[in-house]
1. Among the residues of the stretch 114-138, how many are farther than 16 Å from Arg61 by Cα and either of a type in the set (Val, Ile, Thr) or open to solvent by 60 Å² or more (accessible area, probe 1.4 Å) (or both)?
2. Just one of the numbered conditions (1) open to solvent by 30 Å² or more (accessible area, probe 1.4 Å); (2) over 18 Å from Arg64 (Cα atoms); (3) modelled with pLDDT of 95 or more is not true of Lys106; which one?
3. Of the residues Leu100, Leu45, which is closer than 20 Å to Ala3 by Cβ and crowded, with 19+ Cβ neighbours inside 10 Å?
4. Could you please find all residues in the stretch 80-91 being surrounded by 13 or more Cβ atoms within 10 Å (Cβ to Cβ) and part of a loop (DSSP other than H, G, I, E, B)?
5. Return the pair list, or none, for Cβ contacts closer than 6 Å from residues in the stretch 71-97 that are more than 18 Å from Gly50 (Cα to Cα) to residues that are assigned to a loop (DSSP other than H, G, I, E, B) and open to solvent by 40 Å² or more (accessible area, probe 1.4 Å), at least 6 apart or on different chains.
6. Looking only at residues that are in contact with a helix residue (DSSP H, G or I) (Cβ under 9 Å, 6 or more places away or on another chain), of a type in the set (A, V, I, L, M, F, W, C) and over 30 Å from Glu114 (Cβ atoms) in the stretch 1-42, which one is least open to solvent (accessible area, probe 1.4 Å)?
7. Output the number of the condition that Ser112 fails; it satisfies all remaining conditions of (1) polar (S, T, N, Q); (2) touching a residue at least 24 places away in the same chain (Cβ under 8 Å); (3) in a loop (DSSP other than H, G, I, E, B).
8. Provide a single number: the residues in the stretch 51-70 that are assigned to a helix (DSSP H, G or I), open to solvent by 60 Å² or more (accessible area, probe 1.4 Å) and over 10 Å from Ala108 (Cβ atoms).
Amino acid sequence: MKARAKLIEGMAFLGEAGSGHSIVMDGSPESGGRNAGFRPMELLLVGLAGCTAFDVVLILRRGREDVADCIVEVSAERAPEDPKVFTKLHLDYRVKGKNLDEAKVKRAVELSKEKYCSASIMLGKTAEMTYACTVEPA
């Protein structure tokens, strides 16, 4: 797996993944940016949400659960001093589907958090992680 970041102008960078996809990152005006893209630390949170959501949906679908939607919202706190690592992360899972088994959904979330989601396992080394899970009909 490979990735790179290339300066575009000011404090904006083009992030490129080995898969061929790209995304713009930029800083706040206070740090010389123009607010024209994601902050790099925001991308870590989006990556965490995507990684665990992917796991949960895959686990449930393999278990023949009829998942219609899965939303993972992440809220984070950071250390006040450099390096400003994440110190607390809260993941709020909302899974919708037809006749979903709530126990299976909660188990899928736990499996993602404890075994499959590389992002949450890495970030869990520096941050306290909590989560909530809501199951809703489609």
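The values are calculated or read from the model by the stated rules, or taken from the named source; none is laboratory data. Keep in mind the model is a prediction, meaning the values are calculated, not measured. Every residue, glycine among them, receives a Cβ derived from its backbone with ideal geometry; neighbour counts consider all protein chains shown. Note: areas computed on protein heavy atoms with side chains; ligands, DNA, RNA excluded. Shrake-Rupley method; radii C 1.70, N 1.55, O 1.52, S 1.80 Å.
1. 11
2. Failed condition: (2).
3. Going through Leu100, Leu45 in turn, the sole match is Leu45.
4. Listed by number, the list holds a single entry, Val85.
5. If the second residue must be assigned to a loop (DSSP other than H, G, I, E, B) and open to solvent by 40 Å² or more (accessible area, probe 1.4 Å), the pairs left are Arg78/Lys84; Ala79/Val85; Val85/Thr126; Gly97/Ala138.
6. Met25
7. (3)
8. Residues in the stretch 51-70 being assigned to a helix (DSSP H, G or I), open to solvent by 60 Å² or more (accessible area, probe 1.4 Å) and over 10 Å from Ala108 (Cβ atoms): 1 in total.
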